[in-house]
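Working notes for the structure below.
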Amino acid sequence: MNIAEFHQNIEQVWQKIEEELEAQGADVDCETQGSVFTITFDNHTQIVINKQEPLLELWIASKLGGFHFAFKNGDWVSNDGKRFWDCLVEACATHGENVQF
């Protein structure tokens, strides 16, 4: 994956997150600033997702901790084999919103 493909892929991830949260009626606000996408929950807690261009990685930080994902075989996967989407579902539940991606 080159840099342009990386940025395009991340933009699609962020768009999917925002669309799914809205479609499922999640009480959240989504904001993008540069390379950071933030989901703010009704209780003012946050999930922060950012792109790490030098490493071509997607990082997520939440109440569950921080995780790093690389794009492998068409999916964002951590070093220990966790899928980004599964971690995001779990993180959202920890923050009080039960959603699926």
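You will find that of ASN98, ASN73, ASN43, the residue that is out of contact with any helix residue (DSSP H, G or I) (no Cβ under 8 Å at 6 or more places or on another chain), open to solvent by 70 Å² or more (accessible area, probe 1.4 Å) and without any contact (Cβ under 8 Å) to a residue 12 or more places away in the chain is ASN73 and no other.
Between ASN50, ASN73, ASN43, the distinction of being modelled with pLDDT under 95 and within 27 Å of ASN2 (Cα to Cα) belongs to ASN73 only.
Considering each residue of the stretch 76-95, count those that are in contact (Cβ under 8 Å) with a residue 40 or more places away in the chain and farther than 16 Å from ASN2 by Cα, and give that number.
5
Residues that are among the small types (Gly, Ala, Ser) and either farther than 20 Å from PHE67 by Cβ or in contact with a Phe, Trp or Tyr (Cβ under 6 Å, 6 or more places away or on another chain) (or both) do occur in the stretch 3-19, at least one of them. Which one of these does LYS16 not meet: (1) within 18 Å of VAL89 (Cβ to Cβ); (2) open to solvent by 70 Å² or more (accessible area, probe 1.4 Å); (3) over 11 Å from the mean Cα position of the chain (by Cα); (4) in contact (Cβ under 8 Å) with a residue 24 or more places away in the chain? Of everything listed in (1) within 18 Å of VAL89 (Cβ to Cβ); (2) open to solvent by 70 Å² or more (accessible area, probe 1.4 Å); (3) over 11 Å from the mean Cα position of the chain (by Cα); (4) in contact (Cβ under 8 Å) with a residue 24 or more places away in the chain, LYS16 misses just condition (3).
When the residues of the stretch 76-95 are filtered to those that are outside any strand (DSSP E or B) and more than 19 Å from THR40 (Cα to Cα), the one that is least open to solvent (accessible area, probe 1.4 Å) is GLY81.
The values are calculated or read from the model by the stated rules, or taken from the named source; none is laboratory data. All values derive from a computational prediction rather than experimental measurement. Quick reminder, even Gly has a Cβ in these numbers, built from the backbone with ideal geometry, and neighbours come from all protein chains shown. Heavy atoms of the whole protein, side chains included, go into the accessibility calculation; ligands, DNA and RNA do not. Shrake-Rupley method; radii C 1.70, N 1.55, O 1.52, S 1.80 Å.
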